[in-house]
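Undergrad: Right, I'll just put the structure down here and ask away after.
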Amino acid sequence: MENRGSAKRVAKLLRPYLYHIVLALICMVAVSGLSLILPWLVKEIIDKVLINKDLRMLNLICLLAIGIYFLKGVFSFGQEYLMAYVAQRVIFDLRSKLWRHLSRLSLSFFVRERGGEIISRLTNDISMIEQTLTYGVVDLVVRSVTVIGIIAFIFYINWELSLISLSLLPLTALLIDKYSKKMRKLGRSVQDSLASLTTIVSEVIGAIKVVKAFAASDKEVQRFEEANLRSLRVSLKGAKLRAFLSPLVEIVAALSTIFLLWYGGRKVIAGKLTPGELVAFLGYVAFIVTPLKGLSGIFSRLQQALAALDRIFEVMDLPLEVPEREDAMVMPRIEGEVVFDNVSFSYDEEPVLKGINLRVKPGEVIGVVGPSGAGKSTLVDLIPRFYDPTEGSVLIDGVDIRRVRLDSLRRQIGIVSQETVLFAATIRENIAYGRPDATMDEIVEAAKIANAHDFIVKLPNGYDTIVGERGVNLSGGERQRIAIARAILANPRILIFDEATSALDSESERIVQEALERVMRGRTTFFVAHRLSTLRNVDRIVVLNDGRIVEEGTHDELLERKGLYWKLYILQGGNGGI
Ligand SMILES: Nc1ncnc2c1ncn2[C@@H]1O[C@H](COP(=O)(O)OP(=O)(O)OP(=O)(O)O)[C@@H](O)[C@H]1O
Ligand SMILES: [Mg+2]
């Protein structure tokens, strides 16, 4: 089953910390062994001290007990700390592995999956595993060793009584097994319902403006309430099951103790058992209740952690849609020739690009226009290899981009898209995102080219001003200019502007446009635009319609042809929509 696969992967995660684990195990065995001695000491006190009235023995036993508690404390520290150490390291590894995998997954994963779902796997599921590793394993080992030790001791004292009390164990085991299976299923639903809560929260926060604008707060509150209620129900169901299991096991254990007291008492009266032995025996049997009861809880927690692990492995098993080849080479400095060689592409069944052939010379500025949904964004997304063509290939300087290392390719491509995302950091850090080693002079230089310097220095803390999570305290045009500065600083050989100016009013557009023209100089540039007026100065315009290139030429040439470009131009008022 999938469990076996998971177990193997868990083993692989644990292997680097084998040394710590072994040490922790030794501590755990020592702790349980030491606590097992205590009922035995009680037997010695009753039989040897109280009945024989031996004072020297009393002192000795008490000293021994003190020593045992002390040692137990030391080992107990060892087991807790070592296991916590292992758990933290494993979680650390798991988290970075998961994150590394997530950040290498193709864009389409993030388009498909919801942010909250991903966040939930990184937080809820991982902390579930952390808890189980830290406390669950210690509990499991200590309790199992204790149970085994107790069984050994009681058999040593009296096999007949032991057999009677143990005959009640399978019943308990059966109960535990049945409930732990149910708990695993419930565990998965609890995590799932938590994930859907997180999803709603992150969706609403991400789209807070839309929610407020459409006065949909109430609707969102209701949606949250429903999910919250679902989560409550599943959690309560789990709690009920757990709460039911504890007393059940306890009652079974208590009944056996009472029966043993009755049966063993008769044996003492008959002289077949010493009083100390009976007391110790009962002590051990009572002692077995706690670890047994705990074990049932641990099994359910273990099942929950396994469910969480399954969810994490599920993500880690998602194939990378743009895999890097084993022998991928580092892309040399790009000159800037970009060729689409008979490229077709589809996200699912429906083809979005169909047989695109396009040759772009180094330093050429290409305008890309076409109706909404024509495939413009998709076309330019193929250049940094966000997706691989379904057919044909994209070549840069004659090299098929599937043959080069992704980072070496993307580092040389600058992208400014319509929705600019700024990180919750200073403006300086945002500009230097692609090149953290940039000097302040370089950053200012880039900001100047992007027409951003002037407004940045007017901000309260200048370049050290922190922008909100999505740069909410800057205007669209200002954010756009920061994004342009970011692209400039990276000094890419190929630039992609996907409607970088379409959200701006004409004044900011003019400023940004000016910045763009300065940046484009000497670089191969793809300029996706809705407003045709922004394309007056490009070298060549490519008109896309329904995934095909239908026209190509300069602004004037295309107007003369009176084709699709001309129609779009007329639609925008004959002057490009100003
Ligand atoms: N991640 C995706 N998964 C599935 N289909 C997609 C995805 N992204 C885009 N599409 C589809 O591919 C087609 C082309 O989309 P694309 O974004 O390239 O168009 P566009 O020309 O950039 O349009 P616009 O001018 O509106 O930005 C559309 O029909 C769109 O629905
Ligand atoms: Mg688009």
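Undergrad: How about the range 21-134: which helices (runs of 4 or more DSSP H) wholly inside it have at least 3 residues that are of a type in the set (A, V, I, L, M, F, W, C)?
TA: Those helices (runs of 4 or more DSSP H) span 55-104, 107-112, 126-131.
Undergrad: Evaluate the range 384-407: report whether one residue or more is among the β-branched types (Val, Ile, Thr), crowded, with 17+ Cβ neighbours inside 10 Å, away from ligand 2 (no atom under 16 Å from the Cβ) and more than 25 Å from LEU320 (Cα to Cα).
TA: no
Undergrad: Let me ask another. Pairs, please: C-beta under 7 Å, at least 6 apart or cross-chain, first residue at positive phi and in the range 351-379, second among the small types (Gly, Ala, Ser) and open to solvent by less than 10 Å² (accessible area, probe 1.4 Å)?
TA: GLY363/GLY336; GLY375/GLY547
Undergrad: Kindly indicate which of LYS237, LYS272 is in contact (Cβ under 8 Å) with a residue 24 or more places away in the chain and charged (D, E, K, R).
TA: Result: LYS237 is the single residue among LYS237, LYS272 that is in contact (Cβ under 8 Å) with a residue 24 or more places away in the chain and charged (D, E, K, R).
Undergrad: Continuing with this model, one more query. List the helices (runs of 4 or more DSSP H) that sit entirely inside the range 429-502 and contain at least 3 residues that are of a type in the set (Val, Ile, Thr).
TA: Passing ranges, in order: 440-449, 476-489.
Undergrad: Scan the range 314-322 and give yes if some residue there is open to solvent by less than 50 Å² (accessible area, probe 1.4 Å), in a helix (DSSP H, G or I) and of a type outside the set (A, V, I, L, M), otherwise no.
TA: No - not one qualifying residue is present in the range 314-322.
Undergrad: Yes or no: LEU197 within 26 Å of ARG266 (Cα to Cα), out of contact with any His (no Cβ under 9 Å at 6 or more places or on another chain) and aliphatic (A, V, I, L, M)?
TA: no
Undergrad: What's the total number of residues in the range 240-294 that are loosely packed, with under 13 Cβ neighbours inside 10 Å and of a type outside the set (Val, Ile, Thr)?
TA: The total comes to 10.
Undergrad: Sticking with this one: Identify, please: which residue in the range 417-446 is of a type in the set (Val, Ile, Thr) and touching a Leu at 6+ places or on another chain (Cβ under 8 Å) and is, among those, farthest from ILE396 (Cα to Cα)?
TA: It comes out as ILE427.
Undergrad: Would you confirm whether or not the range 462-480 contains a residue that is surrounded by 23 or more Cβ atoms within 10 Å (Cβ to Cβ), within 16 Å of ligand 2 (Cβ to nearest atom) and assigned by TED's automatic domain parsing to the domain that holds ARG523?
TA: Looking for residues that are surrounded by 23 or more Cβ atoms within 10 Å (Cβ to Cβ), within 16 Å of ligand 2 (Cβ to nearest atom) and assigned by TED's automatic domain parsing to the domain that holds ARG523, one finds at least one in the range 462-480, hence yes.
Undergrad: Could I ask something else about it? Suppose we filter LEU255, LEU261, LEU248 for residues that are touching a helix residue (DSSP H, G or I) at 6+ places or on another chain (Cβ under 8 Å) and in contact (Cβ under 8 Å) with a residue 60 or more places away in the chain; which single one remains?
TA: Residue meeting the stated conditions: LEU248.
Undergrad: Would you check if there is a residue in the range 505-525 being within 16 Å of ligand 1 (Cβ to nearest atom) and either at pLDDT below 90 or within 28 Å of ASP407 (Cβ to Cβ) (or both)?
TA: There is no residue in the range 505-525 that is within 16 Å of ligand 1 (Cβ to nearest atom) and either at pLDDT below 90 or within 28 Å of ASP407 (Cβ to Cβ) (or both).
Undergrad: Checking THR420 against (1) closer than 22 Å to ILE205 by Cβ; (2) away from ligand 2 (no atom under 16 Å from the Cβ); (3) open to solvent by less than 50 Å² (accessible area, probe 1.4 Å): exactly one of these is not met. Which one?
TA: Against the list (1) closer than 22 Å to ILE205 by Cβ; (2) away from ligand 2 (no atom under 16 Å from the Cβ); (3) open to solvent by less than 50 Å² (accessible area, probe 1.4 Å), THR420 comes up short only on (2).
Undergrad: Okay, moving on. Any idea which residue in the range 423-437 is farthest from LYS448 (Cα to Cα), counting only those that are open to solvent by 30 Å² or more (accessible area, probe 1.4 Å) and under 26 Å from the mean Cα position of the chain (by Cα)?
TA: So the residue we want is ALA424.
Undergrad: I need the strands (runs of 3 or more DSSP E) fully contained in the range 346-408, keeping only those with at least 1 residues that are among the basic types (Lys, Arg) and within 16 Å of ligand 1 (Cβ to nearest atom).
TA: Result: 351-360.
Undergrad: Restricting to the range 124-136, what's the tally of residues that are of a type outside the set (Asp, Glu) and without any contact (Cβ under 8 Å) to a residue 60 or more places away in the chain?
TA: The qualifying residues number 3.
The values are calculated or read from the model by the stated rules, or taken from the named source; none is laboratory data. Note that the structure is predicted; figures quoted are calculated from it, not measured. As a convention, Cβ positions derive from the backbone with ideal geometry for all residues, glycine included, and neighbour counts pool all protein chains shown. SASA here: full protein model, heavy atoms, side chains in, ligands and nucleic acids out. Shrake-Rupley method; radii C 1.70, N 1.55, O 1.52, S 1.80 Å.
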